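The values are calculated or read from the model by the stated rules, or taken from the named source; none is laboratory data. What you see is a predicted model; the values in this text were computed from it and never measured. Glycine also receives a Cβ, built like all others from the backbone with ideal geometry; neighbour counts cover every protein chain displayed. Accessible surface is based on the protein model in full, side chains and every heavy atom, while ligands, DNA and RNA are left aside. Shrake-Rupley method; radii C 1.70, N 1.55, O 1.52, S 1.80 Å.
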Amino acid sequence: MPLGKEPAKILKRRLTYQGRKFGFEVSRLKLPNGAEGDWECIRHPGGALAIPVTPEGKLILLRQYRFAAQGRILEFPAGTIEPNEDPAETIKREIEEETGYRAHRWQKLGEFFLAPGYSDEIIYAFLALDLEKLEMPPSQDDDEDIETVLFSPPELEKAILAGEPVDAKSISSFFLARPFLTEINV
């Protein structure tokens, strides 16, 4: 993702934790304006997200338990990019695993930082069309608690505006998809 301006100069970096999917580091920086300080950052390989659209025009979301949120939230299928994996391949794998559908047509919606104040994670968002229901139901990982739910675009927008717990990457991607959804009469 192209960024403007010159980067900060890293004076000292220390990794304080490396987990299964991300790391946490603290760096001593000198900013372009000369200010110095310590900044904390979650290092993440990035993720890919899909907005799957059924032939009937419904959007497939997941109601998923998230420990950090201490409850279930609505989100579009997404997954962490594996080493040397293209984001398009990531989401093709994840949509099948999480929803039991295969998409035959894809439209890239864009990419964006999820939380640039403390993380370098970038989300690559796609629209998944021409879905085929797979014969075998999706199998969840041992650490997942997922329910598949369907919404029409107006129903999802109403839920978002009513304060239904929906994650930021799904809200952002939904609004990126709106022009395409209108174009295909969904």
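Remarks
- Entirely in region 36-121, the strands (runs of 3 or more DSSP E) that have 3 or more residues that are touching a residue at least 60 places away in the same chain (Cβ under 8 Å) and open to solvent by less than 30 Å² (accessible area, probe 1.4 Å): 47-52, 59-66, 71-75
- Of all the listed residues (131, 181, 150), the sole one being touching a Ser or Thr at 6+ places or on another chain (Cβ under 9 Å), open to solvent by less than 40 Å² (accessible area, probe 1.4 Å), farther than 24 Å from residue 83 by Cα and not β-branched (Val, Ile, Thr) is 131.
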